Amino acid sequence: MRLPQRAAVALALFVAAMLVLPLFVDSYIVSLLVVVLFAAYFGQAWNIVTGFAGQLSLGHALYVGLGAYTSAALFSHYGLPPWFGMLAGIAVAATAGAIIAALSFRFRVGGVYFALLTIAFAEFTRILFDHFDWVGASSGLFLPVSSRVGLDLLRLRGPPVMFYYLLLALTLGALALSHHLLRRRIGYYWQAIREDEEAAQALGIDVFRYKVAAMALSAAMTSVGGAFLAFYENNLYPDTVFAIGRSIEIITAPIIGGLGTLFGPILGAFVLTTLGEAMTSLSSGFALNGLKQWCYGAALLLIVALQPAGLWPWLRTRLGLAEVRR
Amino acid sequence: MSAAALLEVRGISKRFRGLQAVDGVSFAVPRGGIVALIGPNGAGKTTTFNLIAGVFAPDRGSVVLDGADITGLRPDQACRAGIARTFQVVKPFGGLTVLENVMVGAFKASHDRIAARDTALEILARLGLADKAETVAKSLTLPERKRLEAARALATRPKILLLDEVMAGLRPVEIDAMVRTFADLSREMGLAILLTEHVMRAVMALSHHIVVLHHGQKISEGTPEQVSRDPAVLDCYLGAAPAAGGA
């Protein structure tokens, strides 16, 4: 078999397994898989701006929050179905991402200073929402609790398994989009900018425009995940939605899985969630506070030390898919 | 020469704080011509390059390419106007393959991946890198990296190619091979080349016309023979005018 065929077969097997998986596991595992898919999707969205275009964003919770609050507020105030709220959220998040990127790159703020700026905007928005009465301020915004039996796709009211399939579709859509973009001129230009901005510019690339585009697209994709998160969790507090901890969580899966790779964010999400669960059950026998976090941290350190490029490039070689660069 | 000139540099100057890096320099590169910009370290060669390629805007003077004023354009705009350059310290896209590196340049002319790939493969063959197409750029040797720089720049289909010390760090055999490559490219594609170079062996073999800079000013220009006999040039390179009977 030629390598691209092997990759296609491997992907088909993965999709098939994911499609039938909920039939064989209990509801707790389904809820864990929903966590995996959220992490995978947010990781894929972040991977566009940081993995492909090389611009380190540490404030992606901002776009999760904008997507979540826009769709939830339009639903609870005007009864607007979340699918419309999602479109509004895309517009809000893409605009915010473009403005932040344009402000930074216009004044040649790059590298770690850009990363600091993304944190600042996320924190600043969190504090703003703490005082934003229309969305419940610091006491939170609540959606009517999801029915565990009924299924209302239009209003996204349904059991976790509904969210599982929606997020699976979203994740596979993001995978297809990332694959497509990497094969287009814009994908080559993003990677050139990531590798060497000055050389990229000398080859005729309008570096500013392509960096802003990467940020806007990444923000828009993130906000869609945010809308699903709002309707899955049903309650939104600025201090958790916009938390800096969420921004860090978003970047962990793609880094562990393989920054800038197509499948890395998905693999990373599976590994991290499994690792977290394993650590919980392992450490539950001991009455030691923080043991789980300690083991989790040590395991992450071990992975990063042994496979600094991420787990996917390593696994890809093991599966005989190594020559498939994209 | 001025009427037929492809690139005209007219009295450009650039000052950095206290240093007048380039001071009223003028010269021209004809279509298909190979012009070398030489001078001791700190003469202003690389600054002149950067003024032409859009890295800095000149304080005074203008740069005209093919009849269009390109003074003060950004590097990407200068590239789209037809100027391609290599860097003194090579800047490969290390994580991408050699082919992908060159495709990035080729995408200037075409949005289509297949067309960009074909252009890139053709240029890699010309520069003797065809068998390295699938190699990751960071694992290339220095001579290969220098060739990659040139290949990437050529893939943008420039009107003029600016080579910034592309021979530096190469062994004599490699230099001779590079000289042949660029002489062939210029002759076969009608490509104009402006180069800065310390390696006189390459300058003499390659260029039709030489411009000599010293302390940011043009002190001489002419054919390689004329320049190599100019007392002003000998003075700046050797420190003092040779005595009547000396050397």
| task | Please state which of the following conditions residue B:70 fails to meet, knowing it meets all the rest: (1) more than 14 Å from every other protein chain (Cβ to nearest Cβ); (2) at pLDDT 95 or above. | result | (1)
| task | May I ask you to say which residue of A:126, A:155 is assigned to a loop (DSSP other than H, G, I, E, B) and either in contact with a helix residue (DSSP H, G or I) (Cβ under 7 Å, 6 or more places away or on another chain) or surrounded by 13 or more Cβ atoms within 10 Å (Cβ to Cβ) (or both)? | result | A:155
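Conditions tested, residue by residue: (1) crowded, with 23+ Cβ neighbours inside 10 Å; (2) free of Cβ contacts under 8 Å to residues at least 12 places away in the same chain.
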site	(1), (2)
A:65	yes, no
A:79	no, yes
A:90	yes, no
A:99	no, yes
A:117	no, no
| message | I'd like to check something: does segment A:135-148 contain any residue that is touching a strand residue (DSSP E or B) at 6+ places or on another chain (Cβ under 9 Å) and among the aromatic types (Phe, Trp, Tyr)? | response | yes
| request: Identify all residues within segment B:107-125 that are buried (at least 16 other Cβ atoms within 10 Å of the Cβ), of a type in the set (D, E, K, R) and assigned to a loop (DSSP other than H, G, I, E, B); write none if there are none. | output: B:108
| request: Looking at (1) more than 14 Å from every other protein chain (Cβ to nearest Cβ); (2) buried (at least 16 other Cβ atoms within 10 Å of the Cβ), find the lone condition where residue A:200 falls short. | output: (1)
| message | Looking only at residues that are in contact (Cβ under 8 Å) with a residue 12 or more places away in the chain and more than 7 Å from chain A (Cβ to nearest Cβ) in segment B:101-111, which one is farthest from residue A:200 (Cα to Cα)? | response | B:109
| For residue B:69, are the conditions met, namely being surrounded by fewer than 20 Cβ atoms within 10 Å (Cβ to Cβ) and acidic (Asp, Glu)? | yes
| note | Among helices (runs of 4 or more DSSP H) entirely inside segment A:205-300, those with 2 or more residues being within 14 Å of chain B (Cβ to nearest Cβ) and surrounded by 18 or more Cβ atoms within 10 Å (Cβ to Cβ) are A:207-233
| Just a yes or no: is a residue in segment A:169-184 surrounded by 23 or more Cβ atoms within 10 Å (Cβ to Cβ) and modelled with pLDDT under 95? | no
| remark: Residues of segment B:91-100 being assigned to a helix (DSSP H, G or I) and at the interface with chain A (Cβ under 7 Å from one of its Cβ atoms), in sequence order, are B:100
| note | Just one listed residue, out of A:268, A:290, A:285, A:320, is of a type outside the set (Lys, Arg) and within 19 Å of residue A:41 (Cβ to Cβ), and it is A:268
| message | What pairs come out if I take residues in segment A:162-191 that are within 14 Å of chain B (Cβ to nearest Cβ) and pair them with residues that are of a type in the set (Asp, Glu) and assigned to a helix (DSSP H, G or I) whose C-beta lies under 7 Å away, six or more apart or interchain? | response | A:188/B:100
| remark: Being among the polar types (S, T, N, Q), within 13 Å of another protein chain (Cβ to nearest Cβ), in a helix (DSSP H, G or I) and in contact (Cβ under 8 Å) with a residue 12 or more places away in the chain narrows B:77, B:88 down to just B:77
| query | Is segment A:208-219 home to any residue that is free of Cβ contacts under 8 Å to residues at least 24 places away in the same chain, closer than 30 Å to residue A:306 by Cβ and not hydroxyl-bearing (Ser, Thr, Tyr)? | reply | no
| request: Working carefully through the options B:169, B:128, find the one that is touching a residue at least 40 places away in the same chain (Cβ under 8 Å), more than 15 Å from the chain's Cα centre (by Cα) and not in a helix (DSSP H, G or I). | output: B:128
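The values are calculated or read from the model by the stated rules, or taken from the named source; none is laboratory data. Only a predicted model underlies this, so the values are computations on that prediction, with no experimental measurement involved. All Cβ positions, glycine included, derive from the backbone under ideal geometry; neighbour counts span all protein chains shown.
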